[in-house]
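The values are calculated or read from the model by the stated rules, or taken from the named source; none is laboratory data. None of these values were measured; they are calculated from a predicted model. Backbone-built Cβ (ideal geometry, glycine too); neighbour counts: all protein chains shown.
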Amino acid sequence: MLKHLFRHLTYQVFSPGTLLRNKYNAFREVLRHDNIALERIADLEEIYYEDQYADWARIAWLCRELSTSTRIMIDKLQEMSPTRYMGLQEYHKKIDFYIQLGTSVPEPDFSPPYLVPLGEHATDPNLTGGKASSLARVASRTDIPVLPGFVVTANAFNYFLESNGLRERLDSALRRIRPCKTNQLQELAREMEEEVLTAPVPNIIADELLESAEHLLQAVSCSGLILRSSAVAEDGVVSFAGQYDSVLNVGPENILETYKRILAGKYRAKALFYRILYGLTDSETPMAVLVQPMLDPLVSGVMYTKDPGVQDRDVLGIYAVPGHSDGLMDGTAAPCTTLVPRTGPGEPAGEDSDPDTRCLLDHAQRQTLIGLGLELERIGQAPQDVEWGVDVNGRILVLQTRPIRNTPKSVEPARDLQISAEILASGGQRAASGVASGPVHMLNSWNELADVPDQCILLVPALSPELAQVVHRLRGVVARSGSRASHFASVARELGLPVLVHPDSLNGVLSNRTITLDADRTLIYDGEVRELLQLFERGQPGMDNRSVHRLGRVMERISRLTLTDPASPRFNPESCRSMHDLVRFVHEKSVSEMFSLVGKGGRGLRRARQLKSDLPISMYILDIDDGLFETDRDQVTVTPEEFKSVPMWALWWGLSSPDVAWDKKLLHVDWEEFDRISAGIFKADSALLSSYAVLSANYMHLMLRFGYHFSVVDALCGSESKNNYINFRFKGGGASFDGRLLRIEFITRVLTHHGFTVTSKADLLDARCSRDEEKVIQKRLAILGRLLAKTRLLDMRLDSTDQIDDLVNDFLEG
Amino acid sequence: MATILVVDDILDAGVLIKRILSRKGHTVHPFTEEEDALSFARKNQVDLAILDMKLKKMSGVEVLEELKKISPDIRVMMLTGYPTLETARESLKLGADEYCVKPIDKGELEGKVAEILRK
């Protein structure tokens, strides 16, 4: 601050031309950062108001960029005028703090322990992740059989990133993700996976991991291990079903590579997108890894203690497949199903009278499994989604358990609802409830995911978890294979996206044909069935994006504009409540600083060159940056042909318009000043009385002194429309006050006609326009020039309002 | 109308807040010594405390913690010219209703106080 002031005063006294040039340079920087700041505000508004999904790294980065640009604008404004606007920095600091408080995420914890045994010490979900912590609770608090094992903690993951300096690199990729661009998402995902895979596991973690793995293998004497992802927040508010990896049959020699592979899986496109969709940040979902001995199950599967696929009654559902359950999860295998009706949250009412004949479990095993399910439900205090397996001894082990998310209630159409639309297909199995309508898109290969159009009903061969990365574009899914026990069905239920599994539905239905999918009643109609869609609208939960919520808490500090009227007494730093207010305030004030660029005495124009033209105007030109074509710099005069400055050239075009006659004998200088100070002593073309222009390539600051009035035109006219503006002020005159007012009225009417906003107070007129295209600004400057030429001595000739109408018409036609 | 306690090591700051909020009909007691403020809170029913962060012996966060022990329902507004993310998170965790940053003008102060008392 003092530095600015000292420099300012020094230049003002010793080198006024430099001051002017510095002021102009500072002004240009203000405009440049005004652009950046407004872009950032628009980006954030898009995310907030249009629900554009963005990683939190992007949101935090946009906020930081906005704050930095705003601070630079304030700095530059203070360079332009060091003594005004003193409080601005403080208000910036304050608003910046509120935004930081709302957008910063706590530093990740990377202190030990890095490994904990699967027991009481592993029950903290922030340390061991959702999957491992809930299994640890089962292991340490019940008699339910669980495989032994240990967990590489979330803190170990944080330490891995920290020791390899990955946080910043990942954030820089994360902030470039625009989830609507599937190809770009996949590319950035690959980049991030690569970063993780090539970084070494720190020794302190690697040594402990290898040692514990050896111990585990010896203790249970099995051939290999299974490593499972257990991210923090997984199975918490959202399930992350099927988004992260599990790797089977890992030998000790592959364990470090496999560990990293699971960490890298956090950055696979589908998992990334799923996380972003729910607005969880990367750093608050660190990846723990659960390590257990490999189980080769005879039978395995899923049990829902309250089956979300059955909505009209409470049912416990068991889905079983022979061997490993991979095929069940990725939607390719058809399981055998047992449904057990329940009377309430307590006991089941008994086994279904007609269990699946292919059922792979005997009666006793089914009873044991049901008993386990009820106990898990009791300790989890909610209906559970349980993964289980039967070992060679016939013992049932719990592999994973997580709460079942609330699913939208299906809407029962009123009984008398008559639907006349043609039914294209019926039957199959509902995997996720809901009704939706849209054009059909057929997906034949997972490589074509990027081409899935918006708002379609997707027809797929199987319910693969890959579908999660395009879920925002879908209205519904019809799959030829899969079941409601697949991961994607779980994702779809969370989102309220209807999914129907039907082996041969839609055979022969053409792509793009609009259909209505009613997953609840397993019906597909031709066309859009409005009656049905309207019924369902009320039950639709919609996607709940937490980053949008979070952003909402600081949005008023970012984009709400409260300073709208520069003429209001509240247009001051104290009233700035948001970054947008600060940006607006600084922009307005910097433009008005330029408007009063040169004092009335012409201070700062020492190096100016005198203009030689056919018009009888005495004018001096100061070129501060590329405003004149290169000519002999030592010349003391300059001609209009040398104008390179776009706004000056345009204005001169109008001013020298051939339809205006100039009296060559009457030199246009400041006659009032001439009368006051000279009484004939000064030469009439002295710089003190003359007009002047300060020019750069696309900037002009022009002070015109014609007779007894003066006008100032300050304009920016370049290819960036957002920066362009014309500010025009007109005051005074030699005629009677009424004559001057009539002239003001004439100017007002002409300028208003040409798109200027005009305000006038007595004989002072202000006109402005801004953010128009270069060509529009040029045209308006030419009009302004012609208007200035026409009105030179107009006030002397005006004595009635009637004259104005004719003059306005003449001018507009001319 | 509410009984409001203000703790700021600079008396003028407290008096200024008193002047603004008294006009809204509140009863305002400014203190520069944190101990005096705490013993006032022990003996009287206080609806809202406005605490500066830099005090003479204790920090604003410590006073907040003490006040919440005396009266768990008391509403608290932290008001500081030296904000940090740590003290802000800590204050909100300890039950502060707002963490406000100086400079604060009359309108903003009145608005925030009304908002907290409405909760």
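With buried (at least 18 other Cβ atoms within 10 Å of the Cβ) and modelled with pLDDT of 95 or more as the only criterion, which of B:55, B:64 stands out? Step through it out loud before you land on a result.
Working: B:55 fails: modelled with pLDDT of 95 or more.
Criteria check complete, one pass: B:64.
May I ask you to list the residues in region A:435-456 that are surrounded by 16 or more Cβ atoms within 10 Å (Cβ to Cβ) and not in a strand (DSSP E or B)?
Once the filter is applied, which keeps residues that are surrounded by 16 or more Cβ atoms within 10 Å (Cβ to Cβ) and not in a strand (DSSP E or B), region A:435-456 yields A:443, A:449, A:452.
Might you let me know whether region B:60-78 holds any residue that is closer than 24 Å to residue A:574 by Cβ and out of contact with any helix residue (DSSP H, G or I) (no Cβ under 9 Å at 6 or more places or on another chain)? Walk me through how you get there before you give the answer.
Step one: list which residues in region B:60-78 are closer than 24 Å to residue A:574 by Cβ, which gives B:60, B:77-78.
Going one step further and asking which of them are out of contact with any helix residue (DSSP H, G or I) (no Cβ under 9 Å at 6 or more places or on another chain), we end up with none.
The answer is no, given that none of the residues of region B:60-78 is closer than 24 Å to residue A:574 by Cβ and out of contact with any helix residue (DSSP H, G or I) (no Cβ under 9 Å at 6 or more places or on another chain).
Can you work out which of the residues in region A:104-131 that are β-branched (Val, Ile, Thr) and under 12 Å from residue A:150 (Cα atoms) is surrounded by the fewest Cβ atoms within 10 Å (Cβ to Cβ)? Working first, answer last.
At the first step, the residues of region A:104-131 found to be β-branched (Val, Ile, Thr) are A:105, A:116, A:123, A:128.
Now drop any that are not under 12 Å from residue A:150 (Cα atoms), which leaves A:116, A:123, A:128.
Numbers: A:116: 24, A:123: 20, A:128: 29.
Checked region A:104-131; the qualifying residue surrounded by the fewest Cβ atoms within 10 Å (Cβ to Cβ) is A:123.
Go through region A:90-109 and give me each residue that's at the interface with chain B (Cβ under 7 Å from one of its Cβ atoms) and acidic (Asp, Glu).
Correct list: A:90 only.
Those residues that are loosely packed, with under 14 Cβ neighbours inside 10 Å, within 14 Å of chain A (Cβ to nearest Cβ) and under 18 Å from residue B:116 (Cα atoms), I need them from region B:67-94; list them, please.
B:93
What about residue A:493, is it modelled with pLDDT of 80 or more, in the same structural domain as residue A:470 (by TED's automatic domain parsing) and surrounded by 13 or more Cβ atoms within 10 Å (Cβ to Cβ)? Before the answer, list the steps.
Details: modelled with pLDDT of 80 or more: no; in the same structural domain as residue A:470 (by TED's automatic domain parsing): yes; surrounded by 13 or more Cβ atoms within 10 Å (Cβ to Cβ): yes.
Judged against the criteria, residue A:493 is not a match.
Somewhere in region B:100-109, is a residue within 14 Å of chain A (Cβ to nearest Cβ), in contact with a Leu (Cβ under 9 Å, 6 or more places away or on another chain) and in contact (Cβ under 8 Å) with a residue 24 or more places away in the chain? Lay out the reasoning, then the answer.
So in region B:100-109, the residues within 14 Å of chain A (Cβ to nearest Cβ) come out as B:100-109.
The next check asks that each one be in contact with a Leu (Cβ under 9 Å, 6 or more places away or on another chain); those that pass are B:100-102, B:104, B:109.
Narrowing the set further to residues that are in contact (Cβ under 8 Å) with a residue 24 or more places away in the chain leaves B:104, B:109.
Yes, region B:100-109 contains a residue that is within 14 Å of chain A (Cβ to nearest Cβ), in contact with a Leu (Cβ under 9 Å, 6 or more places away or on another chain) and in contact (Cβ under 8 Å) with a residue 24 or more places away in the chain.
In region A:462-521, which residue that is in a loop (DSSP other than H, G, I, E, B) and touching a Phe, Trp or Tyr at 6+ places or on another chain (Cβ under 7 Å) is nearest to residue A:185 (Cα to Cα)?
Among residues in region A:462-521 that are in a loop (DSSP other than H, G, I, E, B) and touching a Phe, Trp or Tyr at 6+ places or on another chain (Cβ under 7 Å), the one nearest to residue A:185 (Cα to Cα) is A:464.
Residue check: is residue A:756 touching a helix residue (DSSP H, G or I) at 6+ places or on another chain (Cβ under 6 Å) and surrounded by 18 or more Cβ atoms within 10 Å (Cβ to Cβ)?
Working: touching a helix residue (DSSP H, G or I) at 6+ places or on another chain (Cβ under 6 Å): no; surrounded by 18 or more Cβ atoms within 10 Å (Cβ to Cβ): yes.
Considered against the rule, which asks whether it is touching a helix residue (DSSP H, G or I) at 6+ places or on another chain (Cβ under 6 Å) and surrounded by 18 or more Cβ atoms within 10 Å (Cβ to Cβ), residue A:756 comes out as no.
What's the number of the condition residue B:64 fails, among (1) in contact (Cβ under 8 Å) with a residue 12 or more places away in the chain; (2) within 12 Å of another protein chain (Cβ to nearest Cβ); (3) not in a strand (DSSP E or B)?
The one condition residue B:64 does not meet is (2).
With the structure loaded, tell me whether residue A:69 is touching a Lys or Arg at 6+ places or on another chain (Cβ under 9 Å), modelled with pLDDT under 90, surrounded by 15 or more Cβ atoms within 10 Å (Cβ to Cβ) and away from chain B (no Cβ under 14 Å) or whether it fails that test.
Numbers: touching a Lys or Arg at 6+ places or on another chain (Cβ under 9 Å): yes; modelled with pLDDT under 90: no; surrounded by 15 or more Cβ atoms within 10 Å (Cβ to Cβ): yes; away from chain B (no Cβ under 14 Å): yes.
It is false that residue A:69 is touching a Lys or Arg at 6+ places or on another chain (Cβ under 9 Å), modelled with pLDDT under 90, surrounded by 15 or more Cβ atoms within 10 Å (Cβ to Cβ) and away from chain B (no Cβ under 14 Å).
Inside region A:192-220, can you point out the residues that are surrounded by 15 or more Cβ atoms within 10 Å (Cβ to Cβ) and either of a type in the set (S, T, N, Q) or more than 29 Å from residue A:168 (Cα to Cα) (or both)?
Correct list: A:212, A:213, A:216, A:217, A:220.
Being at pLDDT 95 or above, touching a helix residue (DSSP H, G or I) at 6+ places or on another chain (Cβ under 7 Å), under 13 Å from residue B:70 (Cβ atoms) and surrounded by 13 or more Cβ atoms within 10 Å (Cβ to Cβ), is that true of even one residue in region B:10-31?
Scanning region B:10-31, I find no residue that is at pLDDT 95 or above, touching a helix residue (DSSP H, G or I) at 6+ places or on another chain (Cβ under 7 Å), under 13 Å from residue B:70 (Cβ atoms) and surrounded by 13 or more Cβ atoms within 10 Å (Cβ to Cβ), so the answer is no.
Output the residues belonging to region B:27-61 that are part of a strand (DSSP E or B) and aromatic (Phe, Trp, Tyr). Steps first, answer last, please.
Step one: of region B:27-61, the residues part of a strand (DSSP E or B) are B:27-31, B:48-51, B:54, B:59.
Once the filter is applied, which keeps residues that are part of a strand (DSSP E or B) and aromatic (Phe, Trp, Tyr), region B:27-61 yields only B:31.
Let's see how each residue does on (1) more than 27 Å from residue A:567 (Cα to Cα); (2) acidic (Asp, Glu):
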position	(1), (2)
A:714	no, yes
A:738	no, yes
A:755	no, no
A:777	no, no
A:784	no, no
A:800	yes, no
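Could you list all residues from region A:758-805 that are among the acidic types (Asp, Glu), modelled with pLDDT under 85 and part of a helix (DSSP H, G or I)?
The initial filter retains those residues of region A:758-805 that are among the acidic types (Asp, Glu), namely A:763, A:766, A:772-774, A:795, A:799, A:802, A:805.
Okay, now just the ones that are also modelled with pLDDT under 85, so A:763, A:795, A:799, A:802.
Listed by number, the residues that qualify are A:795, A:802.
For region A:124-149, which residues satisfy the criterion of being on the phi > 0 side of the Ramachandran plot and part of a loop (DSSP other than H, G, I, E, B)? Walk me through it before giving the result.
Step one: of region A:124-149, the residues on the phi > 0 side of the Ramachandran plot are A:129, A:149.
Matches in region A:124-149: A:149 only.
How many residues does region A:267-288 hold that are in contact with a Pro (Cβ under 9 Å, 6 or more places away or on another chain) and among the charged types (D, E, K, R)?
So the count comes out to 2.
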